[in-house]
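These notes are about the structure you will find just below.
The values are calculated or read from the model by the stated rules, or taken from the named source; none is laboratory data. Bear in mind that the values here come from a model prediction, so they are computed numbers and not experimental data. Areas reflect the complete protein model, heavy atoms only, side chains present, ligands, DNA and RNA absent. Shrake-Rupley method; radii C 1.70, N 1.55, O 1.52, S 1.80 Å.
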Amino acid sequence: DHNDEFYIDPETGATRTVTNRSGGIQGGISNGENIVIHVAFKPTSTIAQLQKTVTRDGTEVELRGKGRHDPCVLPRAIPMVEAMVALTLVDAIMCQKAQCELFPNEAPLEQQPNPMGTTAHRVGGPREAVGAGGGKVDLKIDEE
């Protein structure tokens, strides 16, 4: 259900998806389409269990809810969800900017960190692939 075929928009020349069934995010990355979020809330229910509480005048009392007194959280839910989505998107933008653009690395190329990572080390050095005849394997199959 989340398969979106890509096409080139004839008006803008941009790569777009035909249906946007994935909600604008594929593999955790925005694909440029509108981000669509579906949210569901379970109704809050009245708790019929005896609970300790404090009244407005500071008296400690015990309270037990009776009947159904469910509050409607919908008026508060919409701005809360919108705010959290906005914060999450801004956080991702700030992380991207901080990682890729904010502080230019002016060190010589050999002193810059490898973006692919260099923390994994193989004991004994890199492994060499050996073919059936005992020679090294060359993976450049399209060159002759």
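Summary table below
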read-out	value
Fraction of accessible area attributable to carbon and sulfur, segment 1-46 (%, probe 1.4 Å)	52
Relative contact order (%) - criterion: Cα under 8 Å, at least six apart; region: segment 1-109	13
Relative counts (whole %) of C-alpha pair distances in segment 50-110, using bins that are 5 Å wide	4, 12, 9, 10, 9, 10, 9, 8, 7, 6, 6, 4, 3, 4, 0
For segment 17-79, accessible area per residue (1.4 Å probe, heavy atoms of protein chains only), Å²	85
For segment 1-76, the spread of Cα positions along each principal axis, largest first, Å	70, 25, 21
Cα centroid of segment 60-98 to Cα centroid of segment 1-57, whole Å	15
